[in-house]
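Laboratory data are not the source of any read-out in this text; all were calculated from the coordinates shown. Model, not experiment: these values are computed from the prediction. With ideal geometry, Cβ positions are generated from the backbone for all residues, glycine too; neighbour counts draw on all protein chains shown.
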Amino acid sequence: MKRLFLALMLVSGFAFAEASFDQIENLIEQKNFAAAEQGLEGIIKNHPNSAKAFYAMAQAQAGLGNQEKANRALNKARGLDPELKFASSSNVDNLQAAITPQAAKIE
């Protein structure tokens, strides 16, 4: 119930406090990507040099099917922290694969 309330607050724009990364990660795990995106917009506005925030935004955008926005967010995260030390390399690889357009087969 607490998570649902947070999600509703974030989506409706009535959140007065900045969401925490734990809350954002929970929203992403629950596949509530729209609420995660809303929370991350505030975090990024207040912390524009946070690679972790841009990485989470890439996850949220990927979940929403916005490959171009996800790629931009992931590139920004890598620009701020090239090693993305806070994420496992397999998670980064999986995210990159999910947001990379597949080349058409040449026959």
Local electrostatic count at Ala56 - Lys and Arg +1, Asp and Glu -1, tallied over other residues with Cβ under 10 Å: -1
In whole Hz, what ³J(HN,Hα) sequence does region 69-79 give by Karplus (6.51, -1.76, 1.60; θ = phi - 60°), x for Gly and Pro? 5, 5, 4, 4, 5, 5, 5, 5, 4, 5, x
How large are Rg and Dmax for region 25-107 when only the alpha carbon atoms are used, in Å? 12.9, 49
Can you give the local net charge around Ile99? Use residues other than it whose beta-carbon is closer than 14 angstrom to its beta-carbon, Lys and Arg +1, Asp and Glu -1. +2
Given the options Asn66, His47, Leu84, identify the residue whose Cα lies farthest towards the positive end of the charge dipole of region 24-107 (+1 on Cβ of Lys, Arg; -1 on Cβ of Asp, Glu). His47
Hey, what do the phi angles of region 19-31 turn into as Karplus ³J(HN,Hα) couplings, whole Hz, using 6.51/-1.76/1.60 and θ = phi - 60°, x for Gly and Pro? 5, 8, 5, 4, 5, 5, 4, 4, 5, 5, 4, 7, 6
